[in-house]
Amino acid sequence: MGILELPLLGIGLSMDAFAVSICKGLGVREIKPKHMLCCGLWFGGFQALMPLIGYVLGSAFESYITKIDHWIAFVLLVFIGVNMIREAFSDEEEQTSTSFGVKTMLLMAIATSIDALAVGITFAFLGVNIWLAILIIGCTTFVFSASGVKIGNVFGNKYKAKAEIMGGIILIAIGCKILIEHLFF
């Protein structure tokens, strides 16, 4: 995975946090920098932490599954991407708390970064520079989450589904690229 794919992956992974941040912005009457900073730090921090945890776990099991690592990466990324697209078309309304308290933000940060844990596992198999990856993913998610609060406050639910669809498509494309590279090159 090259330097071009990492920012795209960061954008794809940040879309769940972006969508939740938009919802958080809907619930705030007057946006203050602390609201944007809160979402950016929680979501960006967890999106950086989870791939690191996944990387450590993946490294521990790398020797056992090296022959099928590209299939694992492909399946995980496609599964996450398809799930994001499915959620975008779902009629179910997600309930997002308007609280910016520690308990609420911790739960939301974990929920939106589980997919980054799975991606971190694939990083171990692909030999990705984990420090560069988590820096890019964390910073990208910080920016998207902080701006999502403002966008949600200004524009409402208009962009939530589109963000999830875009994120899903990016993850599926990267998964397909990994599989094709390992099978044919």
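Would the stretch 1-144 count as rounded, prolate or oblate if I go by the C-alpha gyration tensor, calling it rounded below 1.5 in a/c and otherwise prolate when a/b exceeds b/c, oblate otherwise? Prolate. The Cα-based radius of gyration and maximum Cα-Cα distance (Dmax) for the stretch 1-64 are 15.5, 53 Å.
On full extension, the segment bounded by I169 and A60 gains 36.3 nm, given 0.36 nm per residue less the C-alpha separation. Using only helices, what value at 222 nm comes out for the chain when you add -39,500 (n - 2.57) per DSSP H run of length 4 or more and divide by the total residues, to the nearest 500 deg cm²/dmol? Helices in the chain give a 222 nm mean residue ellipticity of -29000 deg cm²/dmol.
The number of Lys pairs in the chain with C-alpha atoms less than 25 Å apart, excluding pairs fewer than 8 positions apart on the same chain, is 22. Rolling a 1.4 angstrom probe over the chain with all protein chains present gives an accessible area of which 70% lies on carbon and sulfur atoms.
Can you tell me which of I134, I68, I114 moves the most in a GNM of the chain? Springs connect C-alpha atoms under 10 Å apart. It is I68.
A straight chain from F155 to F185 at 0.36 nm per residue would run longer than the Cα-Cα distance by 6.3 nm. Per residue, the chain exposes 51 Å² of solvent-accessible protein surface, assessed with a 1.4 angstrom probe and all protein chains in place.
The values are calculated or read from the model by the stated rules, or taken from the named source; none is laboratory data. This structure is a prediction, so every number in the text was calculated from the model and none was measured. The protein model used for the area step is the full one, side chains on, heavy atoms only, and it has no ligands, DNA or RNA in it. Shrake-Rupley method; radii C 1.70, N 1.55, O 1.52, S 1.80 Å.
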